[in-house]
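Nothing in this text is a laboratory measurement; each read-out follows from the coordinates by a stated rule. Values in this document were obtained by computation on a predicted structure and should not be read as measured data. Positions of Cβ are backbone-derived with ideal geometry, glycine not excepted, and every protein chain shown enters the neighbour counts.
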Amino acid sequence: MKSKLAVDTIPEPERSELDSLPSYPLEIARRDFFRILGGGVAIFLVRPSDLASQESGRGRLPSRDAQPKELVAWLHIGESGEVTVFTGKAEMGQNIRTSLTQAVAEELRVPTASIRLLMGDTELTPYDMGTFGSRTTPYMAPLLRRAAATARNLLVELAARQWNAEAAKLVAGNGKVSDPASGRSIEYRELARGQALAKAVIAEPALTPAPEWKVAGGSLPKINGADFVTGKHRYSSDIKLDGMLHGKVLRPPSFQATLVSLNKNEAEAMPGVTVVHEGNFAGVTAGSERAAARALAALRAEWKTVPQISQPELFGFLKKNARPGEGRHETGSVEDALSAARHRLDATYTVEYIAHAPLEPRAAVAAWQDGKLTVWTGTQRPFGVRSELAEAFRIPEEQVRVIVSDTGAGFGGKHTGDAAIEAARLAKAAGRPVQLVWTREEEFNWAYFRPAGVIEVRGGALADGTVTAWEFHNYNSGAAAIRTPYDIPNQRIEFHPVDSPLRQGSYRALAATANFFARESHMDELARAVKMDPLDFRLRNLKDERLRAVFEAAAKAFGWGGKKNEGQGFGIAGGIEKGGYVATCVEVAVDSSTRSVKVVRVATAFECGAIVNPDGLENQIVGCIIMGLGGALFEAIEFANGRILNNRFSRYRVPRFSDVPPIEVVLVNRKDLPSAGAGETPILGLAPAIGNAIFDATGLRLRSLPMVPQGTLPKV
Amino acid sequence: MAKIRQLRINGRSHSIEADPETRLLEVLRDQLDLTGTKYGCGEGQCGACTVLIDGQPRRSCLTPVGTAENKEITTIEGLAVNGRLHPVQQAFLDAEAFQCGYCTPGMIMSAVALLRAHPDPSEAEIIRFMEGNICRCGTYPRVVAAVRRAAELERKAG
């Protein structure tokens, strides 16, 4: 949240091109570029340093970066006409390799097939804070578009010089520059040939407005899709190096346990096995995964454990151990408004810890050579993991290279470098490259969770349905989307941090999943109290036109307000987050005898400004809804005394084929507005809409996520 | 126990060296560099490691390599013929039935097995048959659409 605010308030770069180039960054870049890519034309997009320092995010050691952060994007047009675009972002299924390609093709006026994106390689790509927070589309895409537009202008200038013509009268299109007056044209590759021309710019060229898009705005299929259906694509866990060993790490029996003693004799006697033991860390390497597993099993360890809380005590613990609030928001007087209100409601909502469970578990391949470390790993923060590695091994960041190949999903769960550090430790000790792939159990036990939380809400409304008071306290789960989009004159909203008993971190849409659930459930409760239709009640208290529009679009597609049968319920919920506007309607059916709950159908309307790739967007929205079914209905981490009890797919249920209801998606395309990200916000309306639909069907209000872990409601 | 020294995979004989109880998944990935078959859970719950053994879908993470000896193993790498995608691969590509793609090889292998047994499956049959394959990105509706399209492509191809 903080970083988003910081970026929102940055000054726009100056509207001027720098003809005298900053020497240091360009020298590095020129040498690397033209060595790696051959001759051609390169564009470096430079950003004022005050802006870059805000982008760098969390506190860091004094920068020892190989690349200065002022360089934010670059691209190269080679002598063969191939365009290479460099970005520190990572692809993990959200399809930005494709959408960024569209953005570049649009501005450079080249076919998408001639563009290659080089992503997430700390040695070759510009510094990037990380791929999270739905930032790629609103922030990275415009930067790459600027670089591409600048390159196009430069190529036009080159052609103008060659023909002794006026640049303004030339036209770029389909990989060439043409002169409509004379009818001649020249391809980009011919203009690039023999050049080693680099241009650094703080540029803000005119970008093509969305209504004029020809490539962006269309459903370009996943750019390297064929590699995924043939098994050819190599994820980090598929990387092979000569002489590579397999590693395993010895895990404590419970969180916070310390290693008292280790007998490694038996393991070390096994052929080809190296045992590493440094403090609390112990691990093995061997020639095969099976041999490594056998060696690991032969380690005799004694651990000292620490008693910890268990799941049944969780919500009481969170409430009791809250620290003073951070970032309290207050307007008007909640107390006065409540005492004047006709209807007052207090309710407490809870959400459990849940796991990201990306299908590719954490994995890394690490190789040391002459004191330099290279790690292939699937992470959302290549540069952040580079810092973690540099700190862990006390070496400069220039000595560390992190390479991220397109990753087997993240969902906010792959921000840290745990597996990378472990693999590098083992590789250092073994003197050979090491591959470490976490098991599914390790992934559940030792990654981190979406935070659990307790949310207390108090609302007051007048007899006519006007909400006048809103008090909202979130304990532990986080402050994302904690504010209400409704127009309520008297508000007190506060986030109360807690030292979480389990390791927790980012998730798809962060804590907004919890805050949407509590807010949209409570709005529904208030609507029922004043005996208003839940949609009318929301619209009565809502001025934001974009949010009203998606509520209305979802309701229309769904057929809101139609007749219902016994056991049938409709629910609606929505809101704003990360620049996206979502509204979701759900129909449930509750069986009167078994009390089983079935989600019958879902309709979601989503608006994120100008749509870059409608098919990719639909894929993300449906994915969000299906992932959201798990957290809404049945996903929960069970834990006791420092141990995860359901640390495998046979015990932790995730949505499967048969869980999926018919889903209708309404894409609201606002070509007049900048594009926002879309991989997170569409998850948010589902859980409260389901809860509201269950209430509509049964009169039973469910205030805890997951709502129906066993598939049935309690008997009446 | 005698080591396993040969496997027949994708129509070819491959030399390996493994104890019979070594999991087929590890042999495919680590000894033969057939990394299209993925590890997802190690307990046969997610389907990412699905291969065909004598035409039947099998979870290679649970299959001791000894039980696959002298049988015909098909992996994702063996589906395309001379660079021409198998109809199921083509249908997944056409329907863009993936996001991160990690589950895709297992999904495709399960779908190939399904269509061999039921060339024209209903939606309910697809869901029942594919229930053991997890897609965390949630592309299930597209996978169902892709399987139906593949059935159509195969029928057309005769």
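For the reader, a short list of remarks on this structure follows.
- Helical contribution to [θ] at 222 nm, DSSP H n ≥ 4, -39,500 (n - 2.57), averaged over chain B, rounded to 500: -9500 deg cm²/dmol
- Dividing the mean sequence gap of close Cα pairs (under 8 Å, 6+ apart) by how many residues chain A holds gives a relative contact order of 14 percent.
- Added length on full extension, which subtracts the Cα-Cα distance from 0.36 nm per residue, A:Ile36 to A:His329: 100.3 nm
- Projecting the Cα atoms of B:Gly47, B:Ala146, B:Ser15 onto the charge dipole of chain B, computed from C-beta unit charges around the Cα centre, puts B:Ala146 farthest toward the positive end.
- Sequence of A:His496, A:His76 once ranked by neighbouring C-beta atoms within 10 Å, starting from the fewest: A:His496, A:His76
- Anchor A:Lys564: lysines whose Cα lies under 30 Å away (excluding residues fewer than 8 positions away in-chain): A:Lys531, A:Lys543, A:Lys556, A:Lys598, A:Lys715
- Projecting the Cα atoms of A:Gly408, A:Ile309, B:Gln56 onto the charge dipole of the protein assembly as shown (Cβ charges, centred on the Cα centre) puts B:Gln56 farthest toward the positive pole.
- Of A:Met129, A:Met532, A:Met627, the sequence from fewest to most neighbouring Cβ atoms within 10 angstrom is A:Met532, A:Met129, A:Met627.
- Prolate/oblate/rounded call for chain B, Cα gyration tensor, a/c under 1.5 rounded: prolate
- Distance (nanometres) between label positions extended 7 Å along Cα→Cβ at A:Ser596 and B:Asp19: 4.3 nm
- Per-residue mean of foreign Cβ neighbours for A:406-414 is 3 (Cβ atoms of other chains, 10 Å radius).
- Whether chain A is rounded, prolate or oblate, judged on the alpha carbon gyration tensor where a/c under 1.5 counts as rounded: oblate
- Length released on extending from A:Glu566 to A:Leu241, taking residue separation times 0.36 nm less the Cα-Cα span: 110.8 nm
- Residue order for B:Ser13, A:Ser333, A:Ser80, A:Ser500, fewest other beta carbons within 10 angstrom first, comes to B:Ser13, A:Ser80, A:Ser333, A:Ser500.
- Cα shape, the range A:556-624, gyration tensor, a/c 1.5 rule: prolate
- Lys, Arg +1 and Asp, Glu -1 on Cβ, resulting dipole of the range B:4-78 about Cα centre, debye, nearest 20: 200 debye
- In chain A, the DSSP-assigned H stretches of four residues or longer account for a calculated mean residue ellipticity at 222 nm of -8500 deg cm²/dmol, using -39500 (n - 2.57) per stretch and the full residue count as denominator.
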